[in-house]
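The values are calculated or read from the model by the stated rules, or taken from the named source; none is laboratory data. Here the structure is a predicted model, which is why all the values come from computation and not from measurement. When we count neighbours, we look across all protein chains shown, and the Cβ atoms used for this are built from the backbone with ideal geometry, even at glycine. Note: accessible area is taken over every heavy atom of the protein model, side chains too, but ligands, DNA and RNA are not part of it. Shrake-Rupley method; radii C 1.70, N 1.55, O 1.52, S 1.80 Å.
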Amino acid sequence: MKIKEKASSMGYLKYELKNFEKLPVKIWEDSVEASRHVARSIALAIRQRQQDGEQTVLGLATGSTPIKVYEELVRMHKEEGLSFHNVVTFNLDEYYPMAKEAQQSYWRFMHEYLFDHVDIQPENIHIPDGTVPMEKIAEYCERYENQIELAGGIDIQLLGIGRTGHIGFNEPGAWETSPTRMVRLDHLTRHDASKDFQSEDDVPYRAITMGVGSIFKARTVYLMAWGQHKAQIIQQAIEGEITTSVPASFLQKHPNVKVVLDKSAAEELTKMKSPWLAGICNWTDDLICKAVVWLSQKTGKPILKLTDEDYNEHGLSDLIIEQANSYELNIQIFNRLQRTISGWPGGKPNADDSNRPERAKPAKKRMILFSPHPDDDVISMGGTFQRLVDQGHEVHVAYQTSGNIAVHDFDALRYAEFMREFKASQGTLDAQDAALYDKIIHFLNTKDSGTPDIPEVRSIKGLIRRGEARGGARFTGLQDSQIHFLDMPFYETGKTRKMPLGEADIQIIVDLMARIKPHQVFAAGDLADPHGTHRVCLDAIFEAFRHLDKETWMKDCWLWMYRGAWHEWAVHEIEMAVPMSPQQLRKKRQAIFMHQSQKDRAPFPGDDNREFWQRAEDRNRGTAHMYRSLGLAEYEAMEAFVRWKG
Ligand code: F6R
């Protein structure tokens, strides 16, 4: 009998449920569903109030979190006649100083995502003004508060949460009754905001924000969070004590807050992380594995040394009752993890594959390794990539986007000057060329922070990354005919803010897959950042799978997901762990080094100061260490994959 069957016959839920959450939480499969739910609630309130001839006052947030809510509201306006004519809005905050038309202004954000697409009356829109002279700020903020009151107070307040625990721009230290005011931004907040600016230095130091007290007056509050990077702070805000060092925790005192999360943002909540402690246990094989791994880490013992007492003392006694004993359970989980380890990521020829992660046949497979940016292939699965090539498979690598915004201006300038000087040195620089290079060089020399690049500069930056990607793939042993640059159009805005995924993007993936008919597809499975490029690239692949569903070759096509540069799959999720020797790890590092424009300090490096090769090595060593600490074999490093089953 499988563990799951035994466990479920034991009658769980006999515990008393222990609720660690001090706010009502709803967890959705993903941010799209969650956002739709919030948008529907807003629409319902608007319609009900319209029927009663009343206006609805919305408190609105910016940032990546509410984007899909706004998109859904716009859709409802266009397709379902949802009207905003008697909706009044107050935005939470604005950078200071900040011109309305600036690329990064929240004024622009709100217009681009919502106001320009619905029938709201301009006089009903209120957004803190980042151009008010400093000496008038206090008076201005007081007026903002009065305007909210005059409008009857906020009916529904939307909130995101910053990694500092801020709501609005109420950073740690903000007091409970704080009103709308000028604040200084926390270092971490400025760092996170730098993705929208040219560099961290360009992020304003201040902002105008509604206070915790102003937010508190709203009748209903939706606190939303998506992505694993929010999981820690969400846990503190929801399960922790009320403290000024996590301003969102003040919401615990509000009578009507609804917390809306996707699965990744909920990861650290006790009921998700260690549900057995909360007494909610619908034991599946995965959950049992998670619990045993957790216990092994908690006790510092390898799995095979866990005893009945260990299970009993840590709230897991039910797992071993009737379930024979800890010894049998330990072995089952040990074997499960053991079977994930494979040096044959494309399948081991002529071997029994019944317990292996990949099929033995066909011995030589065709595969496409999708890389959202031009370096994710080698960063995230460089070791596996190398093995697949060495083991004789037909490996194709497809770079989904040009990655052009992540190239420094000084690198582009160097190439532009090089091209100009080279042509001049050959005596082939005609007037047209000279004008073109001069235009590019002049643009780069005089460019303001935040100005989108002109197409010629974007092209140079894209080509720089192409050359590097080709270098990495050739180094790993690919022929040029196996290297594909897809330049998906959604990415080509020249700004950090991208376009939504479109049919043209999906068709590019469909065409490549239909041409190669792969047995294996590898993709960056970053489910964490809903608006990040990785997630959009993954969605395009999912869509392509749906489009090609009827093709017979698709029955043999498996999709393996690696995680991007940020963090790794949890051990109980891993279905294939590909080990690397010290030499193989060094070789992977060399392939990453081909990406020179990303070395030292790439633009938009994310919230991590290590270079990409360091992150990759730390992560791969970390996985190997984890396996070792659970009592499995000791390798130098490991890359991990999860299979997507549709
Ligand atoms: C934005 C705001 C901020 C954001 C928070 C999360 O108006 O007030 O509190 O909600 O910084 O930002 P994202 O959603 O970009 O992760």
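Taking Asp487 as the residue in question, decide whether it is surrounded by 14 or more Cβ atoms within 10 Å (Cβ to Cβ) and not in a helix (DSSP H, G or I). Show your work before the answer.
On the way: surrounded by 14 or more Cβ atoms within 10 Å (Cβ to Cβ): yes; not in a helix (DSSP H, G or I): yes.
For Asp487, the condition - surrounded by 14 or more Cβ atoms within 10 Å (Cβ to Cβ) and not in a helix (DSSP H, G or I) - is met.
Tell me which residues, restricted to the range 288-318, are open to solvent by less than 30 Å² (accessible area, probe 1.4 Å) and part of a helix (DSSP H, G or I).
Across the range 288-318, the qualifying residues are Ile288, Cys289, Ala291, Val292, Val293, Leu295, Ser296, Ile303, Asp310, Tyr311, Asp318.
List pairs: first in the range 525-541 and not assigned by TED's automatic domain parsing to the domain that holds Pro66 and crowded, with 20+ Cβ neighbours inside 10 Å, second among the acidic types (Asp, Glu) and at pLDDT below 85, Cβ under 8 Å, 6+ apart or cross-chain?
As it stands, the answer is Gly532/Asp526; His534/Asp526; Arg535/Asp526; Arg535/Asp529; Leu538/Asp526, since those pairs meet every condition given.
So, of the residues in the range 235-272 that are of a type in the set (Asp, Glu) and within 20 Å of Thr65 (Cα to Cα), which turns out to be surrounded by the fewest Cβ atoms within 10 Å (Cβ to Cβ)? Lay out the reasoning, then the answer.
Filtering the range 235-272 down to residues of a type in the set (Asp, Glu) leaves 239, 241, 262, 267-268.
Subset that is within 20 Å of Thr65 (Cα to Cα): 262, 267-268.
Details: Asp262: 25, Glu267: 20, Glu268: 18.
The residue in question is Glu268.
Residue-wise test of (1) assigned to a helix (DSSP H, G or I); (2) closer than 30 Å to Pro582 by Cβ; (3) assigned by TED's automatic domain parsing to the domain that holds Met554; (4) aliphatic (A, V, I, L, M).
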position: Glu358; (1), (2), (3), (4): no, yes, no, no
position: His373; (1), (2), (3), (4): no, yes, yes, no
position: Val378; (1), (2), (3), (4): yes, yes, yes, yes
position: Met381; (1), (2), (3), (4): yes, yes, yes, yes
position: Arg387; (1), (2), (3), (4): yes, yes, yes, no
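If I go through the range 319-334 residue by residue, how many of them are surrounded by fewer than 20 Cβ atoms within 10 Å (Cβ to Cβ) and in contact (Cβ under 8 Å) with a residue 12 or more places away in the chain? Give the steps one after another, and end with the answer.
Our first condition is that a residue be surrounded by fewer than 20 Cβ atoms within 10 Å (Cβ to Cβ); within the range 319-334, this holds for 321-322, 324-325, 327-328, 331-332, 334.
If we keep only those that are in contact (Cβ under 8 Å) with a residue 12 or more places away in the chain as well, we get 321-322, 325, 331-332, 334.
Final tally of qualifying residues: 6.
Consider the range 544-571. How many of its residues are touching a residue at least 24 places away in the same chain (Cβ under 8 Å) and open to solvent by 60 Å² or more (accessible area, probe 1.4 Å)?
Narrowing the range 544-571 to residues touching a residue at least 24 places away in the same chain (Cβ under 8 Å): 544-545, 547-548, 551, 553, 556-571.
Right, trim to open to solvent by 60 Å² or more (accessible area, probe 1.4 Å) and you get 547, 551, 556, 566.
Of the residues in that region, 4 qualify.
Do you know which residues across the range 163-188 are in contact (Cβ under 8 Å) with a residue 60 or more places away in the chain and more than 11 Å from the ligand (Cβ to nearest atom)?
Pro172, Gly173, Ala174, Trp175, Glu176, Met182
Which one is nearest to the ligand (Cβ to nearest atom) among residues in the range 51-94 that are closer than 17 Å to Ser41 by Cα and among the small types (Gly, Ala, Ser)?
The qualifying residue nearest to the ligand (Cβ to nearest atom) is Ala61.
Can you tell me which residue is farthest from the chain's Cα centre (by Cα) among those in the range 189-232 that are part of a helix (DSSP H, G or I) and within 10 Å of the ligand (Cβ to nearest atom)? Break it down into steps so the answer makes sense when it comes.
Taking the range 189-232 as the starting set, the residues that turn out to be part of a helix (DSSP H, G or I) are 189-196, 200-202, 212-216, 228-232.
Now narrow it down to the ones that are within 10 Å of the ligand (Cβ to nearest atom): 189, 192-193, 195-196, 215, 229-230.
On the way: Thr189: 17, Asp192: 13, Ala193: 15, Lys195: 13, Asp196: 15, Ile215: 27, His229: 8, Lys230: 10 Å.
Of everything passing the filter in the range 189-232, Ile215 is farthest from the chain's Cα centre (by Cα).
Would you pick out the residues in the range 48-77 that are touching a Leu at 6+ places or on another chain (Cβ under 7 Å) and either modelled with pLDDT under 95 or over 21 Å from Ile215 (Cα atoms) (or both)?
Matches in the range 48-77: Leu73, Val74, Met76.
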